[in-house]
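Colleague: Sharing a structure here in structure tokens format.
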Amino acid sequence: MGRCGDTRERLLAAAAALLRENGYHTASVEALCRKAGVQKGSFYHFFESKCDLAGSALDYAWQQQKALLARDFAPAVPPVERLVRHFDAVYREQLALRARYGRTLGCPFYRLGTECSGAHPEIAARIGKIIAAYRGYFEGALGDAVHAEPGLNGDPVRLAHWLFALYQGLLEEARICDDPEVLRQLPAAAARLLGGGRSESAAFAAEVAGDGYVAGVVN
């Protein structure tokens with residue numbers, strides 16, 4: 001049993017883990033308390049309900065995710081490489097999660113957003129803000145890419161929306177099919193989407209090949 005002073009933190013960490021593993025509806029208060037190693041009374045001292053804890057746990061998980069995004073999307077990294085780094089990091093993360101939990105988990109934010117969109121609109125609204133902020137990293141990288149690559153045309157915001165939807169769609173497919181290898185399509189698919197011209201596709205493919213992430217050629 002941990003110190004009383006870290007009870008809230010342990011509840012947040014436990015909730016973030018259980019919500020990612022099992023979703024909202026199967027993560028009971030009892031299971032949350034058991035995973036955190038706290039009594040039910042301690043739970044209700046910090047949170048009014050499971051919904052209240054879930055909202056705070058989403059913020060907790062997002063702060064952790066932002067630390068990883070800051071690494072992958074560092075401004076000093078060339079724009080295309082930022083995307084390649086992130087795709088690679090997500091693929092490796094999904095492999096590790098599958099090894100730990102026995103199945104592919106996908107994106108916790110999209111999964112919970114889908115699950116809670118009807119019954120818990122307040123959680124869905126919170127996730128909507130997280131997703132918009134997440135997509136902002138793609139917008140920043142593509143904005144820099146458009147500025148640096150004269151041949152890459154288009155509105156970075158619109159391009160980011162398309163690319164992020166593709167990214168999340170493949171993550172969801174990987175979860176449903178329990179196959180992280182689906183994610184190895186990401187760089188080539190992104191090159192196809194963004195590379196209206198061959199030069200941009202080739203540039204993206206070159207970054208991918210240099211990273212050793214995908215063995216394939218983007219035409």
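Colleague: Karplus couplings for segment 187-193 from phi (6.51 cos²θ - 1.76 cosθ + 1.60, θ = phi - 60°), rounded to Hz, Gly and Pro as x?
Modeller: x, 5, 5, 5, 4, 5, 5
Colleague: Restricted to Cα positions, what overall size does segment 19-64 have along the principal axes? Three whole-Å values, descending.
Modeller: Each principal axis gives a Cα extent; for segment 19-64 these are 26, 19, 17 Å.
Colleague: With r as the distance between the Cβ atoms of ALA119 and GLU30 and R0 = 22 Å, compute the FRET efficiency 1/(1 + (r/R0)^6) and round to 0.05. Write out the running numbers ahead of the final one.
Modeller: Numbers: r = 20 Å, r/R0 = 0.91.
E between GLU30 and ALA119, to the nearest 0.05, is 0.65.
Colleague: Which whole-Hz couplings ³J(HN,Hα) result when phi for each residue of segment 47-55 is put into the Karplus expression 6.51 cos²θ - 1.76 cosθ + 1.60, θ = phi - 60°, listed in order with x for Gly and Pro?
Modeller: So the Karplus estimates, Gly and Pro as x, are 9, 6, 7, 4, 4, 4, 5, 4, x Hz.
Colleague: Same structure again: By per-residue mean of other Cβ atoms within 10 Å, what is the highest-first order of 115-124, 137-146?
Modeller: On the way: 115-124: 15.3, 137-146: 20.5.
Highest to lowest by the protection proxy: 137-146, 115-124.
Values in this text are rule-based calculations from the coordinates and carry no lab data. In this text, all values refer to a predicted model and were calculated from it rather than measured experimentally. Quick reminder, even Gly has a Cβ in these numbers, built from the backbone with ideal geometry, and neighbours come from all protein chains shown.
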